[in-house]
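So the structure is just underneath, and the comments pick up after that.
Quick note: the coordinates plus some simple rules give every number you see, no bench work behind them. This one's a predicted model, so the numbers in the text were calculated from it and none came from an experiment. Every residue, glycine among them, receives a Cβ derived from its backbone with ideal geometry; neighbour counts consider all protein chains shown.
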Amino acid sequence: MKKILSMLLSLTLLAGFIFAGDITMSGSTTVFPIAQLAAERYMDKHPDVNISVRGGGSGVGISDIILGRVNIGNASRQIKNKETKQAKENGINVVETVVANDGIAIVVNPSNGINKLTLEQVKKIFAGEVSNWKQLGGASMPIVVISRDVSSGTFEVFKELVLKGGKVREDALLLASNNAVASNVAETPGAIGYVGFGFLSDKVKALEIEGVVPNEKTVNDGTYKISRKLYMYTNGAPKGEIKAFIDYILSSEGQEIVKETGYIPLK
Amino acid sequence: MKTKEFLFKYITLAAASLSILFLMGIILSIFKEGLPLFNDINFSDFIFGRKWHPTDEPADLGIFPLISGSIFVTLGALLVGVPLGVGSAIYLSEIASTNVREALKPFIEILAGIPSVIYGLFGMAVLAPLVRKLFNVPTGLNLFSASIILGIMIIPIISSLSEDALSAVSKELREASLALGANRIETIFKVVLPAASSGVISSIILGFGRAIGETMVVLMVSGGAAMLPKSIFSPVRPMTSAIASEMGEAVNGSQHFQALYGIAIVLFLITFLSSLLMQWFAGRENRE
């Protein structure tokens, strides 16, 4: 009963009073699971603190911090020079804190016979140069390319590391979150998409890239190439409650949450 | 007493004028934010440009794929919603007994009250996988699925307004037609429907406006690819879903931000024209 009540309460808080909390954060859907779980645990320990977490994508988190709309902007990519400049013009001094490491896994439907691809093949698939799994030695089935909206940090990193700046084929599905990509790949036999490690499950198959299995070890030793850091951005160095919360995420307990949600703790 | 009435009159007047104020405020703000875009790129490149890559350097800001996404999804919705909506209106007003009518109407009204995000969920979780399997297409998140969901959404609008229009046709007209030897179906299609055409057409235009402005459903079901649809099973990115999914990250005053407001202007003009058209049809009914 108490649990239901507190759930209801937190739902109303989320729905009605997004800005009423003591700490507000928004942005990356990759960072979201870490931020959400850390916020819940932190609030259990400090019942007087309210933390609200929204998604939206890294672009949203960074633009919210530039415009002073939140206390913490979550991002799965680094802030761009252009954005730092915009922040300065608004009188905001963006400070970066790395909270976790992550890899981007290339995922396909579990029914797909393909288990490994090279970076070049992935690039060709997303660019539209290869459009049937048959061309890669799989079953004859059109490839459904699933990508992310332009506000996604995962998309930006993927574009830089895999597409080398190239464009995604124009009929690719553009979905709004990691979760939407994972569930669509799980439902669509011919699909290929990319998600942060936190969204891997047995419903999707993560491919070996250049013969390397995506996991914590291969990201840490640098053999899995599609990896990045996860960030929290603040206006100025974090102070007070915001500092306490970020320190909590960086603590061994917080890094345990990073691990629990499927990401890679900082060493 | 007199001062009370006087006060009441002006308080209600203020309430009524507020909507004009809000309308003006909305129009002013979308034009103020959107128009500066056309200092940098020309209007016809914006409307007819085939590529929408708003965050590339340099950005491609052509919204033709988005406009066509909206138009095709809406036309598809009308193909679904008009026959079902007008059909149910004919049944309720002309054929059903009072009991049946009273039993059916609440269901149509409930359909009207379902939040669009629930339609979206239904489309994403139930309809899209079904469409993919049934038609053996690569993905169920496409123009076709979005049209069906939007079509179902506009049924209550078309049905209830058409029914009002049909019920308003005078009894004498029906009786005269039957007395001349026309049967019931002939009476419905050759006498009652034409007499109610203005009302039926305005209900369809209202349905059009609802469908083209709907955001959540298309965001969840249409697939989001900014391309000219190649078939009814292509994923599309209607204007509303581009605004909704990209506005959050576009920084105030950036070109991307202005372009999204530019889309809002186009969308506003389309819905504005459709409501003018509707008022004209509704007015025609009164004049007749």
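For the reader, a short list of remarks on this structure follows.
- Cα-based shape type of the range B:218-283, given that a ≥ b ≥ c are square roots of the gyration tensor eigenvalues and the cut on a/c is 1.5: oblate
- Proxy reagent accessibility, fewest Cβ within 10 Å first, across A:72, B:232: B:232, A:72
- Relative contact order of chain B: 26 percent, from C-alpha pairs under 8 Å at least 6 residues apart in sequence.
- The overall shape of the range B:96-139, judged from the alpha-carbon gyration tensor, is oblate: a/c is not under 1.5, and a/b is no greater than b/c.
- The range B:134-208 and the range A:54-103 have Cα centres separated by 51 Å.
- FRET efficiency, residue B:50 to residue B:20 (Cβ-Cβ, R0 51 Å, nearest 0.05): 0.85
- The stretch between residue B:27 and residue B:6 holds 4.4 nm of extra length on full extension. This uses 0.36 nm per residue minus the Cα-Cα distance.
- Normalised size of chain A, defined as Cα radius of gyration per 2.2 N^0.38 Å with N residues, equals 1.04.
- Share of alpha-carbon pairs per 20 Å distance bin for the protein assembly as shown, given as whole %: 19, 46, 28, 7, 0
- Nearest 10 degrees, 0 to 90: helix A:240-250 Cα axis against chain A principal axis: 40 degrees
- Per-residue [θ]222 nm for chain B (sum of -39500 (n - 2.57) over DSSP H runs n ≥ 4, rounded to 500): -22500 deg cm²/dmol
- Cβ-based exposure ranking for B:257, B:38, in which fewest neighbours within 10 Å come first: B:38, B:257
- Between the range B:236-265 and the range A:127-201, the C-alpha centres lie 23 angstrom from each other.
- Sequence of B:122, B:46 once ranked by neighbouring C-beta atoms within 10 Å, starting from the fewest: B:122, B:46
- Cα shape, the range B:1-82, gyration tensor, a/c 1.5 rule: oblate
- Take the Cβ atoms of residue B:39 and residue B:228, set R0 to 22 Å, and the FRET efficiency comes out at 0.20.
- Shape box of chain B [Cα atoms, principal axes, largest first, Å]: 72, 69, 32
- With the simple model of a label 7 Å out from the Cα in the direction of the Cβ, residue A:256 to residue A:46 spans 1.9 nm.
- The range A:102-220: C-alpha pair distances exceeding 25 Å, %: 11 percent
- By the Cα gyration tensor, the range A:25-126 has an equivalent ellipsoid whose semi-axes, rounded to whole angstrom, run 31, 21, 10 from largest to smallest.
- Pairs spanning more than 32 Å between alpha-carbon atoms, out of A:124/B:133; A:80/A:134; A:134/B:133; A:123/A:243; A:123/A:203: A:80/A:134; A:123/A:243.
- Normalised by the number of residues in chain A, the mean separation of alpha-carbon contacts (under 8 Å, six or more apart) gives a relative contact order of 26 percent.
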